[in-house]
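The values are calculated or read from the model by the stated rules, or taken from the named source; none is laboratory data. Every value quoted in this text rests on a predicted model; they were computed, and no experiment measured them. Methodologically, a virtual Cβ is constructed for each residue, glycine included, from the backbone with ideal geometry; neighbour enumeration extends over all protein chains shown.
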Amino acid sequence: MFSKILVANRGEIALRIIRACKELGVRTVAIYSEPDASSPHVHLADEAVCIGSAAVSQSYLNIPAIISAAEITDVDAIHPGYGFLSENAHFAEICESCQIKFIGPSPQAIRSMGDKLAARETVRKVGVPIIPGAQEQVKDKEEALKIAKRIKYPVILKASAGGGGRGLRVCHNEVRLVGSLMTAQHEAETAFGSPSVYIEKYIEKPKHIEIQLLADSHGHITYLYERECTIQRRHQKLLEEAPSPSVDWKLRKKMGDVAMKVAKAVNYVNAGTVEFLLDTDGKFYFLEMNTRVQVEHGITELVTGIDIVKEQIRIATGEKLTVIKQDKIPLKGHSIECRINAEDPSNNFVPCPGKIERYNAPGGPGIRLDSHAYAGYTVLPYYDSMIGKLMSHGRNRGEAISIMQRALEEFIVEPIKTTISLHKEILKNPVFRRGQMYTDFIQRVLGEWGDKNGDESQEEKK
Ligand code: MV4
């Protein structure tokens with residue numbers, strides 16, 4: 001086991017990782033930006049190093065400053081958390097070259113999944129179902145029209161270097177496709193540094209299902225079943241659950257097997273997630289693979305009893321998976337996560353940074369709250385607006401919903417605006433309660449919430 005780990009992140013995930021280290025008897029080093037000096041992760045860690053000013057480019061994305069902090073404190077490993085440098089293959093390489101273990105997959109595995117078009121081709125070759133479309137980037141509008149004619153409208157343009165829903169354009173006809181192509185390429189160039197875009201058939205009313213994987217360096221691989229992540233707004237997930245109300249055991253095993261195939265195709269080691277779209281006919285397709293621990297990992301921990309962050313650390317030291325046999329991994333009850341963001345859901349989700357004057361954290365049976373917020377904490381404008389993840393765990397979906405509703409009633413975060421009020425609406429919604437939501441769900445709930453420009457803001461209307 002490692003002696004000391006540097007946590008290259010902030011907020012709730014930094015706390016989550018430090019807690020896992022403590023349980024494993026590993027010392028911790030926090031890094032922080034100047035305005036984060038009084039943040040909880042700084043106090044919870046054994047040591048802390050200020051690495052720069054507020055801007056992420058000067059602090060949490062500042063590779064030389066982070067490596068310097070790691071060398072000065074003499075750590076064995078770096079845990080990147082999610083976001084920031086977690087899927088930066090170059091950073092993983094630099095860690096390796098400095099004899100610091102990067103707690104995550106190899107740089108090659110990160111890279112092979114980073115280009116979404118290349119990843120699509122890699123998994124297709126091993127027999128993983130992909131959405132009908134082109135295997136290569138589109139050169140010009142003639143080619144785009146030809147592909148669209150074959151796969152039929154509507155189609156979607158995606159940036160090869162995009163991912164996570166960024167750089168998408170839905171086109172319902174030839175005129176829209178021709179009109180969108182150059183803009184899409186230009187946007188891709190500006191946003192991701194590469195103009196490469198590709199075409200897929202647009203799947204209407206899909207569900208977003210993802211499979212959590214664990215793979216060790218001894219060739220063992222298991223899946224911790226699925227999470228349902230269909231409730232998103234502008235590709236930001238808001239509420240997730242495990243298991244999915246749309247997945248039965250037959251489908252679960254099929255998706256699990258396919259997800260393991262994806263991981264094996266890139267010699268994947270550590271925790272990872274394979275995302276799928278599930279269509280209304282029950283067919284599923286590979287979307288992308290996330291080569292990091294995800295925000296929503298906690299609901300999988302609640303239903304399986306496996307600590308994903310501790311597994312990540314054990315895997316990185318060369319230990320075997322705690323549970324190696326797939327049929328020994330339990331799936332117990334039902335869990336829901338509500339992301340609590342400092343945003344105003346009644347005003348287009350504008351971020352609402354500021355000081356929390358009054359705070360009451362919910363608790364009691366079936367509740368887990370992962371948060372760095374407290375009374376007197378100031379939500380900073382420079383970073384992610386997520387201030388916590390409220391998770392419930394019950395014997396079944398109905399109980400998990402009731403527990404969550406009760407906990408949301410207890411939760412006080414004032415005077416800043418948060419997504420707590422929106423979550424109360426979602427949990428009351430009959431479509432949600434029946435488990436019949438699609439990707440347009442939030443738009444529907446938000447009908448009364450004054451969101452003028454809902455989920456599909458980039459969609460080219462008919
Ligand atoms: C799609 C799609 C329909 N057809 N691809 C990709 C990244 C993910 N965050 C959203 N993505 C989508 N890709 C094809 N070929 C629809 C979406 C999509 C979506 C998927 C799951 C949950 C919410 C969504 C909201 C908008 C679009």
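Of all the numbered requirements in (1) within 16 Å of the ligand (Cβ to nearest atom); (2) under 29 Å from Ile78 (Cβ atoms), Pro105 misses one, and that requirement is (1). Would the stretch 432-442 turn up any residue that is over 22 Å from the mean Cα position of the chain (by Cα) and modelled with pLDDT of 95 or more? Yes, the conditions are met somewhere in the stretch 432-442. The condition of being hydrophobic (A, V, I, L, M, F, W, C) and within 22 Å of Ala119 (Cβ to Cβ) holds for only one of Leu177, Leu214, Leu145, Leu239, that being Leu214. Checking each residue in the stretch 11-38 for being of a type in the set (Val, Ile, Thr) and touching a Cys at 6+ places or on another chain (Cβ under 9 Å) picks out Thr28, Ile31.
Can you confirm whether the stretch 159-169 contains a residue that is in contact with a Gly (Cβ under 7 Å, 6 or more places away or on another chain) and either within 15 Å of the ligand (Cβ to nearest atom) or assigned to a strand (DSSP E or B) (or both)? Yes - at least one qualifying residue is present in the stretch 159-169.
Counting only residues that are surrounded by fewer than 24 Cβ atoms within 10 Å (Cβ to Cβ) and either within 16 Å of the ligand (Cβ to nearest atom) or not assigned by TED's automatic domain parsing to the domain that holds Glu301 (or both), the stretch 208-228 holds 1 of them.
Answer with yes or no whether Ile199 is within 13 Å of the ligand (Cβ to nearest atom) and part of a strand (DSSP E or B).
The answer is yes for Ile199.
Okay, residues lined up against (1) surrounded by 20 or more Cβ atoms within 10 Å (Cβ to Cβ); (2) of a type in the set (A, V, I, L, M); (3) farther than 28 Å from Leu380 by Cα:
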| site | (1), (2), (3) |
| --- | --- |
| Ser57 | no, no, no |
| Leu61 | no, yes, no |
| Pro64 | no, no, no |
| Ala69 | yes, yes, no |
| Ile78 | yes, yes, no |
| Phe91 | yes, no, no |
| Cys95 | yes, no, yes |
| Gln108 | no, no, yes |
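If the condition is being modelled with pLDDT of 95 or more and touching a Lys or Arg at 6+ places or on another chain (Cβ under 9 Å), then the stretch 182-202 contributes Val197, Tyr198, Ile199, Glu200, Lys201.
Go through the stretch 235-261 and give me each residue that's farther than 21 Å from Leu427 by Cβ and within 16 Å of the ligand (Cβ to nearest atom). Walk me through how you get there before you give the answer.
Residues of the stretch 235-261 farther than 21 Å from Leu427 by Cβ: 235, 248-261.
Within the stretch 235-261, His235, Met255 qualify.
Does the stretch 316-326 contain at least one residue that is over 24 Å from the mean Cα position of the chain (by Cα), under 20 Å from Ser421 (Cβ atoms) and either surrounded by 15 or more Cβ atoms within 10 Å (Cβ to Cβ) or not basic (Lys, Arg) (or both)? The answer is no; no qualifying residue exists. Name every residue in the stretch 55-93 that is within 18 Å of Arg27 (Cβ to Cβ) and part of a helix (DSSP H, G or I), in order of residue number. Ile66, Ala69, Ala70, Glu71, Ile72, Thr73 - these are the residues of the stretch 55-93 that are within 18 Å of Arg27 (Cβ to Cβ) and part of a helix (DSSP H, G or I).
Would you mention how many residues in the stretch 248-272 are buried (at least 18 other Cβ atoms within 10 Å of the Cβ) and assigned to a helix (DSSP H, G or I)?
First, the residues of the stretch 248-272 that are buried (at least 18 other Cβ atoms within 10 Å of the Cβ): 252, 255-256, 258-260, 262-263, 265-266, 268-272.
When the remaining residues are screened for being assigned to a helix (DSSP H, G or I), the result is 252, 255-256, 258-260, 262-263, 265.
Total satisfying the criteria: 9.
Residue by residue, here is whether (1) free of Cβ contacts under 8 Å to residues at least 12 places away in the same chain; (2) touching a His at 6+ places or on another chain (Cβ under 9 Å); (3) not in a strand (DSSP E or B) holds:
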residue: Leu369; (1), (2), (3): no, no, no
residue: Pro381; (1), (2), (3): no, no, yes
residue: Gly388; (1), (2), (3): no, yes, no
residue: His393; (1), (2), (3): no, yes, no
residue: Ile403; (1), (2), (3): no, yes, yes
residue: Leu408; (1), (2), (3): no, yes, yes
residue: Thr418; (1), (2), (3): no, no, yes
residue: Leu422; (1), (2), (3): no, no, yes
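Annotation note: Cβ proximity below 7 Å between a residue of the stretch 31-47 that is assigned to a helix (DSSP H, G or I) and a residue that is of a type in the set (Lys, Arg) (sequence gap 6+ or interchain) occurs for Asp36/Arg10; His41/Arg10. Within the stretch 215-231, how many residues turn out to be touching a Leu at 6+ places or on another chain (Cβ under 6 Å) and not hydroxyl-bearing (Ser, Thr, Tyr)? Of the residues in the stretch 215-231, 3 are touching a Leu at 6+ places or on another chain (Cβ under 6 Å) and not hydroxyl-bearing (Ser, Thr, Tyr). Within the stretch 373-415, the set of residues being crowded, with 18+ Cβ neighbours inside 10 Å and of a type in the set (Gly, Ala, Ser) comprises Ala373, Ser385, Gly388, Ser392, Gly394, Ala400, Ala407. Of the residues making up the stretch 273-302, those that are within 15 Å of the ligand (Cβ to nearest atom) and outside any loop (DSSP other than H, G, I, E, B) number 13.
Among (1) surrounded by fewer than 22 Cβ atoms within 10 Å (Cβ to Cβ); (2) part of a loop (DSSP other than H, G, I, E, B); (3) not polar (S, T, N, Q), where does Met437 come up short? For Met437, the failing item is (1). Is it the case that Thr280 is over 16 Å from the mean Cα position of the chain (by Cα) and farther than 25 Å from Ile103 by Cβ? Criteria met by Thr280.
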